[in-house]
Amino acid sequence: MEVVTVNYVGFDKRRHQGQIVVARSIAREVATIFNEIEATGYPIKKVIPIVEYQWNDQASINDNNTSAFNYRHVIGPGQDTSQLSRHSFGKAIDLNPWINPFVPASGKSTRAYDPKKPGTLTIDCPVTKIFLRHGWTWGGTWKGAKDYQHFDYRKK
């Protein structure tokens, strides 16, 4: 794993610096992606390694914290929780997870997905396009359940 220091625009429209932990093999690409995101002015609440939340994914989500590495199993209603998450390998990023919720296939989520809110990801959002252009996948295009916060590195 590698700690990548990134700059981003906050909801206060000011420049901030954070750190995200990803697989060493994709660290440079992640730095490039965050540079491109910053250039769009897309607001990010915060980017803090999940160790600051005692590895508690829900605590990080509740704080709308953007993160990547977290050694854990897949979570969420209707998911195969016996599998390790892609976050366990540092090859997945959750961006503004409070406002970009996981929505199970049933469509019933504890948080509303509102594409009109600043920081919400959509298929037409410049940030989504940046990740897709770099060959990542987006959880908002999954069949059934949607994970609007989730970007997944799948290149070989």
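The values are calculated or read from the model by the stated rules, or taken from the named source; none is laboratory data. Keep in mind that what you see is a predicted model, and the values were worked out from it rather than measured. Here Cβ is always computed from backbone atoms with ideal geometry, including for glycine, and neighbour counts include all displayed protein chains. To get the accessible areas, we keep the full protein, side chains included, count just its heavy atoms, and leave off ligands, DNA and RNA. Shrake-Rupley method; radii C 1.70, N 1.55, O 1.52, S 1.80 Å.
Quick notes on this structure:
- Each residue was assigned an accessible area with a 1.4 Å probe, and for K129 the value is about 100 Å².
- Candidate lysines - alpha carbon under 26 Å from K13, same-chain residues fewer than 8 apart omitted: K45, K46, K116, K117, K129
- Qualifying chymotrypsin sites (Phe, Trp or Tyr not before Pro) for region 66-98 [loop in DSSP, other Cβ within 10 Å: at most 16]: Y71, W98
- Remark: the S106-K155 segment gains 14.7 nm on full extension, using 0.36 nm per residue and subtracting the alpha carbon distance.
- Taking only protein heavy atoms and a 1.4 Å probe, the accessible area of region 36-156 is 54% carbon and sulfur.
- Contact order normalised by residue count of the chain, Cα under 8 Å, 6+ apart, percent: 19
- Loop-located trypsin sites (Lys or Arg not before Pro) in region 30-89 (DSSP state not H, G, I, E or B) with no more than 16 neighbouring Cβ atoms inside 10 Å: R72.
- Only helices enter this figure: runs of n ≥ 4 DSSP H residues, each worth -39500 (n - 2.57), summed and divided by the residues of the chain, yield -5000 deg cm²/dmol at 222 nm to the nearest 500.
- Once the chain from D80 to Q54 is taken as fully extended at 0.36 nm per residue, the excess over their C-alpha distance is 7.0 nm.
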